[in-house]
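Derivation of every value follows stated rules applied to the coordinates shown; laboratory data play no part. Keep in mind that this is a model prediction, so the values were computed, not measured. In this analysis, Cβ positions are derived from the backbone assuming ideal geometry, glycine residues included, and neighbour counts consider all displayed protein chains.
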Amino acid sequence: MKTQSKEKISVFWGGLLTGAVNGLLGAGGGMLAVPILKKQGLKTKQAHASSVAVILPLSAFSAAMYLINGKVGFSDAYAFMPWGLLGAAVGTFLLKKLSNKWLTATFSALMVWAGIRLWMK
């Protein structure tokens with residue numbers, strides 16, 4: 001199989017898996033998107049930034065589906081939005097400042113922490 005075909009298949013399955021995890025678990029798709037994007041040849045910071053660009057439309061679509069199906073009310077999420085936007089601005093600023101080593105270590109630590117929290121519940 002040609003390399004280009006393998007890349008298309010990898011992008012297809014990576015996108016499908018990222019979208020499914022994002023819709024099922026919340027923004028958990030970003031934890032999959034970053035390694036997949038890095039495997040596609042993006043540098044660490046590019047992969048993290050691109051992951052946000054990938055997750056934004058996926059999250060908006062998932063949120064719309066949950067709202068339409070009555071699974072969540074806008075008022076439930078509204079209180080978190082201003083602080084989430086502030087956090088996004090801080091994260092964007094930090095992405096420029098952190099070295100790839102610290103970014104990878106922070107990302108890894110958060111993945112381990114999230115896994116432990118889920119396992120303990």
Length-normalised contact order of the chain, Cα under 8 Å, at least 6 apart, in percent, tallies to 18 percent
With respect to the cross-link table entries Lys71/Lys121; Lys38/Lys71; Lys8/Lys121; Lys8/Lys96, which display a Cα-Cα separation exceeding 32 Å? Lys38/Lys71; Lys8/Lys121
Provide the packing ranking of 47-54, 36-43, i.e. peptides ordered by the mean count of other C-beta atoms within 10 Å per residue, highest first. 47-54, 36-43
Name the residue from Ser50, Tyr66, Thr18 whose Cα lies farthest towards the positive end of the charge dipole of region 3-120, charges +1 on Cβ of Lys and Arg and -1 on Cβ of Asp and Glu. Ser50
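To make sure I understand, if each residue's beta carbon is the centre and we count other beta carbons within 10 Å, what order do Val112, Val34, Val72 fall in, fewest to most? Intermediate values should be presented prior to the final figure.
On the way: Val112 10, Val34 25, Val72 13.
Lowest to highest Cβ neighbour count: Val112, Val72, Val34.
In what sequence do Tyr66, Tyr78 fall when counting other Cβ within 10 Å, fewest first?
Working: Tyr66 15, Tyr78 9.
Starting with the residue having the fewest Cβ neighbours, the order is Tyr78, Tyr66.
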As a footprinting exposure proxy, order Thr92, Thr18 by other Cβ within 10 Å, with the fewest listed first. Thr92, Thr18
Dimensions (Å) - the chain, Cα atoms, principal axes, largest first: 48, 34, 30
Taking amide H positions as placed 1.01 Å from N in the peptide plane, with prolines and chain starts having none, which residues 5 or more places from Leu98, or on another chain, fall under 5 Å of its amide H? none
Diffing region 78-85: the Karplus 3J(HN,Hα) column from phi (6.51, -1.76, 1.60, θ = phi - 60°), in whole Hz with x for Gly and Pro, holds 4, 4, 8, 4, x, 6, x, 5
For region 58-67, Karplus couplings with θ = phi - 60° (6.51, -1.76, 1.60), whole Hz, Gly/Pro x: 5, 5, 4, 5, 4, 4, 4, 5, 5, 5
